[in-house]
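Any read-out appearing in this document is the output of simple, stated calculations on the displayed coordinates, not a laboratory observation. Only a predicted model underlies this, so the values are computations on that prediction, with no experimental measurement involved. Glycine gets a Cβ as well: all are built from the backbone with ideal geometry, and neighbour counts include every protein chain shown.
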Amino acid sequence: KQEVTQIPAALSVPEGENLVLNCSFTDSAIYNLQWFRQDPGKGLTSLLLIQSSQREQTSGRLNASLDKSSGRSTLYIAASQPGDSATYLCAVRGSGGSNYKLTFGKGTLLTVNP
Amino acid sequence: KAGVTQTPRYLIKTRGQQVTLSCSPISGHRSVSWYQQTPGQGLQFLFEYFSETQRNKGNFPGRFSGRQFSNSRSEMNVSTLELGDSALYLCASSWTGGGSQPQHFGDGTRLSIL
C-alpha cells in the first residue's frame with residue numbers, strides 16, 4: 001500500500017526566503033507525482049506534475065524534483081511571498097490497475113510573514 | 001472557461017440521513033474523481049468515473065456510491081450518515097483521467113453531520 005509523507009507539517013518563514021518542502025513515498029512504482037496548493041476553504045490547485053521518467057519540473061519561482069528510486073520529491077520555492085501562504089500537498093499516482101489512483105500526503109502548512 | 005463546480009458548498013445533516021453531492025466538470029472533461037478530506041486522514045480517494053462507468057474505487061464502505069451522467073456530470077451519494085462522514089468532499093476532473101493529465105479540483109462540499 002502506497003504511503004506518502006510530507007515533512008515538515010508546518011513551516012513559517014520571513015518574506016523573501018528560499019524554502020524546500022519534502023515529500024517521500026514508500027512504493028517507487030509510480031506513474032507520476034503532483035504538487036498541489038490548497039488555500040483555506042478552497043479546492044486544490046495543481047502546481048507541477050512530474051512524470052516518472054522526469055527528474056524535475058519548473059514553473060516560475062517553483063521547482064519540483066523527483067528521485068523515484070529513493071522515493072523522494074522536493075518542492076523548492078524561491079523568494080517566498082506572503083501570497084505563497086497555503087497548504088502544499090504532494091500526491092503520487094500509482095502505475096496501474098487498482099493502484100492508478102492519486103495517494104496524497106497530509107500536506108505542509110506554509111506561512112510566509114511580511 | 002468555467003472550472004469544476006460543486007454544489008452545494010455547505011450541507012448539514014443528521015446521523016442516519018442520506019445525502020447527494022453534485023459535481024459539474026470542466027467542459028469537455030470526461031473523467032471525474034471524488035475525494036474525501038478530513039483533518040485526521042487527509043485526502044482519500046473515493047472513486048473515479050469515466051464515460052458513465054466507475055473505473056476505479058477506493059477503500060470506502062458501500063454506503064458511498066456515485067454515478068456519472070452522459071454529460072459527464074457526476075453525483076456522489078452517502079447513505080446512513082455517520083458522524084465520521086463529516087468532511088470536505090472534493091471533485092476533480094480531467095480530459096480522460098490519463099496519468100499525464102493534471103486533475104482540476106472544485107472548491108468542494110463541506111458536509112457536517114450532527
**Asked** Using a Cα distance threshold of under 19 Å, what count of lysine pairs results for the protein assembly as shown when pairs must be 8 or more residues apart or interchain?
**Response** 8
**Complete:** In the neighbourhood of A:Ser53 defined by beta carbon distances under 13 Å, the net charge of the other residues (Lys, Arg +1; Asp, Glu -1) is 0
**Request:** Based on a Kirkwood Rh over C-alpha pairs, give the Stokes-Einstein translational diffusion coefficient of chain B at 25 °C and viscosity 0.890 mPa s in µm²/s.
**Result:** 176 µm²/s
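When a footprinting reagent is the concern and you count Cβ atoms within 10 Å, what order do A:Tyr88, A:Tyr31 take, fewest first?
Working: A:Tyr88 22, A:Tyr31 17.
Arranged by neighbour count, lowest to highest, A:Tyr88, A:Tyr31 become A:Tyr31, A:Tyr88.
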**Asked** Can you tell which of A:Leu44, A:Leu33, A:Leu75 shows the greatest fluctuation in a Gaussian network model of chain A with Cα springs below 10 Å?
**Response** A:Leu44
**Item:** Net charge of Cβ neighbours under 10 Å - reference A:Asn113; Lys, Arg +1; Asp, Glu -1
**Value:** -2
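I need to check one value: relative contact order of chain B, counting alpha carbon pairs closer than 8 Å and at least 6 residues apart, in percent. Mind showing how you got there, number by number?
Working: 296 pairs, mean separation 41.6, N = 114.
It rounds to 37 percent for chain B.
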**Message:** Springs between alpha-carbon pairs under 10 angstrom, Gaussian network model over chain B: which of B:Gly58, B:Gly84, B:Gly40 fluctuates most?
**Reply:** B:Gly40
**Prompt:** Taking Cα centroids, how far is region B:34-81 from region A:1-23 in Å?
**Reply:** 29 Å
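Can you tell me the order of B:25-33, A:79-87 when each peptide is scored by its average per-residue count of other Cβ atoms within 10 angstrom, highest first? Could the numbers behind the result be given before it?
On the way: B:25-33: 19.8, A:79-87: 15.3.
Descending mean neighbour count gives B:25-33, A:79-87.
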**Item:** Debye, to nearest 20: dipole size of the protein assembly as shown, +1 on Lys, Arg Cβ, -1 on Asp, Glu Cβ
**Value:** 520 debye
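So, counting K/R as plus one and D/E as minus one, what does the shell of residues with Cβ under 14 Å around B:Asn71 add up to?
+1
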**Message:** Give me the one-decimal nm value for the distance between modelled label points at B:Glu52 and B:Tyr10, 7 Å along each residue's Cα-to-Cβ direction.
**Reply:** 3.7 nm
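Restrict the search to region A:19-114; then list the trypsin sites (Lys or Arg not before Pro) that DSSP places in a loop and that have at most 11 other Cβ atoms within 10 Å of their Cβ. Kindly include the intermediate steps, with their values, before the conclusion.
Numbers: sites: A:Arg37, A:Lys42, A:Arg55, A:Arg61, A:Lys68, A:Arg72, A:Arg93, A:Lys101, A:Lys106; in loops: A:Lys42, A:Arg55, A:Arg61, A:Lys68, A:Lys101, A:Lys106.
Here the trypsin sites (Lys or Arg not before Pro) that fit, given the DSSP loop and packing criteria, are A:Arg55.
I'd like the FRET efficiency for B:Leu83 and A:Arg55, computed as 1/(1 + (r/R0)^6) with the beta carbon distance as r and R0 of 41 Å, rounded to 0.05. Spell out each step's value before the answer.
Working: r = 45 Å, r/R0 = 1.09.
Result of the calculation: an efficiency of 0.35.
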